[in-house]
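The numbers here are math on the coordinates, done by the rules we state, and not lab data. Everything quoted here is computed from the prediction, not taken from an experiment. Methodologically, a virtual Cβ is constructed for each residue, glycine included, from the backbone with ideal geometry; neighbour enumeration extends over all protein chains shown.
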């Protein structure tokens, strides 16, 4: 059929920016781009055409679950898209973000309470009012009811849910910004946290409580009806005990525990992934504005970005057990620059695509792309180019074992690879002056890695 005349402009942009895949996708999951948006303006024939055309380019469609007055219409539309995806053999991919907000409903019932019995909120999180983590019990049935309505609708329609994601971040129990100070001023928090003056204990309790909300109101009801589903939330993934990045609503706090890396302050990170019952890890590998100035010792501007982003990606890759896929949020344009802030050199497109290759070779499985509309064409084209090229190596990426998780603290050669038998598929990216073969050790055996800019190499272990 011809291109629908009422095709949303964002979808038209993606179709124009990405040519059809050159390589066979096999069992690899599609790339998911949040700016695809709704297909509700299209009839069934047009929606099916759109889903096919996007998939031919390696890109999937996400059904965005709705709540409130839009819930019934949201369920009907989600089921319509799910039926088409099931018919075509694609994953039924959904996003539950709108359903999870807000545990803190801005009423006094979820506020902190000071010693005089007066309610107050923590307003240090860029807008939302954060309340008392011990005042959320009555909100759990509300959130659970929203999720259950969708889960049961899919179940009764015979549509298996494949992937459910969310971006639930500024809500519920938290430890950053002024959260610890607010809890120490809250009579209810002090009553429930006898060791509240110990930050590590406070962080652990907040993450445990946060995990319970995600587990009982979100993951468990989905998995009860869809035991094979991949369920996750933005920035929840197995880790090595440290967090190497700051979200846009967070700020460095030198007074809290940290370890310094040049000008960056890495924070202790509670390993809450398994307490959520999530079945999909979701790290966030973005070009956050503050990264560039955090690493002034690197003279190569690209390595300032690459180093931190590879730290974050490697943390997830090395910490996530085999059998749990990793779906990674990625973004290229400088992310969340403060208003009226001085410009910093943007990471080059070449360095960004090299980073995507290294993530794949360090155990990452699925790319999720978020971007403002004015960046959409460039962002999705870069991700799709790497994805299409990686399809040539499906056997390696699906069955191989990562060989290394080193993140060089000096700019120079960066090597990542996967091993199958006595061979290694790898990529070497150079940031320093070294332009000669590098010898590494893989499972006790030597591997000499020659310079090969922008190319994959398949080498035999000695």
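Tabulated results
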{"item": "Calculated on alpha-carbon atoms, Rg and Dmax of segment 238-344 in Å", "result": "14.5, 45"}
{"item": "Relative contact order, percent, the chain [alpha-carbon distance under 8 Å, six or more residues apart]", "result": "13"}
{"item": "Equivalent ellipsoid, segment 101-202 (semi-axes from 5 times Cα gyration tensor eigenvalues, Å)", "result": "32, 14, 12"}
{"item": "Sorted by Cβ neighbour density within 10 Å, fewest at the top, the residues 278, 202", "result": "202, 278"}
{"item": "Whole-number Å³ per residue for the convex hull built on Cα positions in segment 139-255", "result": "127"}
{"item": "The chain: calculated mean residue ellipticity at 222 nm from DSSP helix runs of at least 4, using -39500 (n - 2.57)", "result": "-10000 deg cm²/dmol"}
{"item": "Overall dimensions of segment 260-315 as given by Cα atoms, namely Rg and Dmax in Å", "result": "13.6, 42"}
{"item": "Cβ-Cβ FRET estimate between residue 52 and residue 375, R0 fixed at 30 Å, reported to 0.05", "result": "0.70"}
{"item": "Bridge type composition, segment 9-400 - antiparallel percent by DSSP, nearest 5", "result": "30"}
{"item": "Chain lengthening between residue 191 and residue 258 when straightened (0.36 nm per residue, less Cα-Cα)", "result": "21.4 nm"}
{"item": "All Cα pairs of segment 45-131, percent lying beyond 19 Å", "result": "57"}
{"item": "Value of D in µm² per second that Stokes-Einstein yields for segment 191-232, Kirkwood Rh from Cα pairs, at 37 °C (0.692 mPa s)", "result": "276"}
{"item": "FRET efficiency for residue 322 and residue 123, using Cβ-Cβ distance with R0 set to 56 Å, rounded to 0.05", "result": "0.85"}
{"item": "Residue 240 paired with residue 41, simple spin-label distance in nm, labels 7 Å along Cα-to-beta-carbon", "result": "4.6"}
{"item": "Proxy reagent accessibility, fewest Cβ within 10 Å first, across 199, 306, 90, 431", "result": "199, 90, 431, 306"}
{"item": "Projected-area average for the chain over all orientations - Cα convex hull basis, square nanometres", "result": "23.2"}
{"item": "Per-residue Cβ neighbour rank within 10 angstrom, fewest leading, 246, 307", "result": "246, 307"}
{"item": "Beta bridges by DSSP in segment 245-396, antiparallel share as percent, to the nearest 5", "result": "25"}
{"item": "Label-point separation in nm, residue 9 to residue 441, each point 7 Å along Cα→Cβ", "result": "5.8"}
{"item": "Over segment 154-195: Kirkwood hydrodynamic radius from C-alpha pairwise inverse distances, Å", "result": "13.8"}
{"item": "Efficiency of FRET between residue 391 and residue 137 - r from beta-carbon atoms, R0 41 angstrom, step 0.05", "result": "0.30"}
{"item": "Label point distance in nm, residue 88-residue 27, each placed 7 Å from Cα along Cα→Cβ", "result": "2.2"}
{"item": "Paramagnetic reach from residue 216 in segment 278-295 [backbone N under 18 Å; point 7 Å along Cα→Cβ]", "result": "278"}
